[in-house]
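The values are calculated or read from the model by the stated rules, or taken from the named source; none is laboratory data. From a predicted model like this one, the values you see are computed outputs, not experimental measurements. All Cβ positions, even for glycine, are placed from backbone atoms using ideal geometry, and neighbour counts span all protein chains on display.
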Amino acid sequence: MSLYRITMNFEFATASSIIFGAGTLKEVAPLAAEMGTRALVVTGRSTARAHALLDQLRAHKLHTIGLAVSGEPTTSLVTEGLQRARDAGCNIAIAIGGGSVIDTGKAIAALLTNGGELFDYLEVIGRGKRLSCASAPFIAIPTTSGTGAEVTRNAVLFSPEQHVKVSMRSPLMLPRLAVVDPVLSHSLPPAVTASTGLDALTQLIEPYVSAYANPLTDGICREGIRFVARSLRIAYEDGGNAAAREDMSLASLFGGLALANAGLGAAHGFAGPLGGMFSAPHGAICARLLPWVMEANVRALERRAPSSPTLSKYDEIARLLTGSASARAREGISWVSEICSSLQIPSLAVFGLGENDIAPVVARSRKASSMKSNPIVLTDEELAWILTNAGNL
């Protein structure tokens, strides 16, 4: 009998077009010129990686307005960038950078064509209003290999006032074009390679065991997990290894495709509240949580849903990660725990998590949309156990 009897009816949506491969950055400018004439170009703190793109855009007669994202994408930065884009008459947005940069551009592109203000559309702390119009043409160009934001339908923003990360979310926010050029990730330092790469792994494992998984996302996740298993350590140790960087760029892309269509799980359910409370890389938070979430889920499934097909999926994850045909779930959990240690991912306590934070974080995480797709509902005690162990408390 099919394991997907309940979820055989599914939807799959992604960017209108995806271009992947070394050197594909040069394809952006002529395509952008077909979409608009005045571009808001969102970059990271340094514009070094964007210089070639900016030159190419100008050569194709596009007027460009810049916006730099120096850290987390904040609600105030999005509001500032939106006003700048409106004042300049921008009719296209392009983001080249990591997940923070792409999420900033994605939110601004959506607001350019929809009335009202940002808080009209934010989840949890906003009014949660649905977008009614398609975003302005938006091109996403990742320079890291982790978030998969170039093919997701939401933007994660930090609200300094409420000390929480929340999403603006709609299928109408999917980029018009995603261009993934692995060469842009070659210069990433080891620490960023580690945190973003483990974020990619989390975003492959969680959709694979998600309550909303389907056969299409499962195939994407299996391939992505295999890419991470064979190449993350190599990319960490030798950033210029083109084959490893290509694998990790694919893994990141696949994770974005999967999470946008199957959801995530408890690791990301925790990541929003924790990211709002402490200054820590999103990928590092997810990485430190992942093995403990996996362990908690397996234990809960064994106790309360022993016939669940998700248990066999955890065994499959172990086989993909270890390369052993006989591996079982807990060997996969050990693999994840060991690579977190070898890639020097710190405990959550290093970022500031203390025992007094456990109960508030558990309560906040219950409101996170990612918790709804965890393969089994975890108790408050199980959630507290995850945090305690991820923080070495």
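Structural remarks
- Residues within the range 138-154 that are in a strand (DSSP E or B) and either hydroxyl-bearing (Ser, Thr, Tyr) or farther than 14 Å from residue 17 by Cα (or both), tallied: 2
- Count of the range 18-73 residues which are in a helix (DSSP H, G or I) and touching a residue at least 40 places away in the same chain (Cβ under 8 Å): 10
- Checking each residue in the range 74-90 for being in a loop (DSSP other than H, G, I, E, B) and either in contact with a helix residue (DSSP H, G or I) (Cβ under 7 Å, 6 or more places away or on another chain) or crowded, with 18+ Cβ neighbours inside 10 Å (or both) picks out only 90.
- If the condition is being more than 20 Å from residue 33 (Cα to Cα), part of a strand (DSSP E or B) and not β-branched (Val, Ile, Thr), then the range 155-181 contributes 155, 157, 158, 159, 165, 167, 168, 169.
- Remark: residue 93 matches the filter, which requires a residue to be touching a residue at least 40 places away in the same chain (Cβ under 8 Å) and closer than 25 Å to residue 185 by Cβ.
- Number of residues in the range 119-131 that are in contact with a helix residue (DSSP H, G or I) (Cβ under 8 Å, 6 or more places away or on another chain) and either farther than 30 Å from residue 192 by Cα or modelled with pLDDT of 95 or more (or both) equals 6.
- Any hit, the range 100-108, residues being closer than 17 Å to residue 140 by Cβ and at pLDDT below 95: yes
- The selection criterion, being in the same structural domain as residue 258 (by TED's automatic domain parsing) and more than 20 Å from the chain's Cα centre (by Cα), holds for residue 328.
- Leading residue by the ranking (nearest to residue 281 (Cα to Cα)) among those in the range 67-125 that are more than 23 Å from the chain's Cα centre (by Cα) and among the polar types (S, T, N, Q): 83
- Within the range 5-25, if we keep just the residues that are among the polar types (S, T, N, Q), surrounded by 14 or more Cβ atoms within 10 Å (Cβ to Cβ) and at pLDDT below 95, the residue that is farthest from residue 173 (Cα to Cα) turns out to be 7.
- Considering the conditions (1) of a type in the set (Val, Ile, Thr); (2) farther than 23 Å from residue 71 by Cβ; (3) buried (at least 23 other Cβ atoms within 10 Å of the Cβ), residue 183 is excluded by exactly one of them, (3).
Each row is one residue, and each column tells you yes or no for (1) among the β-branched types (Val, Ile, Thr); (2) buried (at least 20 other Cβ atoms within 10 Å of the Cβ); (3) assigned to a helix (DSSP H, G or I).
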residue	(1), (2), (3)
207	no, yes, yes
212	no, no, no
216	no, no, yes
233	no, no, yes
246	no, yes, yes
249	no, yes, yes
256	no, yes, yes
264	no, yes, no
273	no, yes, yes
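- Every pair of residues 6+ apart whose Cβ atoms lie under 8 Å, when the first sits in the range 364-390 and is farther than 11 Å from residue 292 by Cα while the second is among the β-branched types (Val, Ile, Thr) and surrounded by fewer than 18 Cβ atoms within 10 Å (Cβ to Cβ): 367/124
- Exclusive hit being farther than 23 Å from residue 207 by Cβ, within 24 Å of the chain's Cα centre (by Cα) and not assigned by TED's automatic domain parsing to the domain that holds residue 163, set 369, 342, 373, 334: 342
- Residue list for the range 99-137, restricted to those being within 27 Å of residue 19 (Cα to Cα), in a loop (DSSP other than H, G, I, E, B) and in contact (Cβ under 8 Å) with a residue 60 or more places away in the chain: 136, 137
- Residue match in the range 335-352 (condition: at pLDDT 95 or above and of a type in the set (D, E, K, R)): yes
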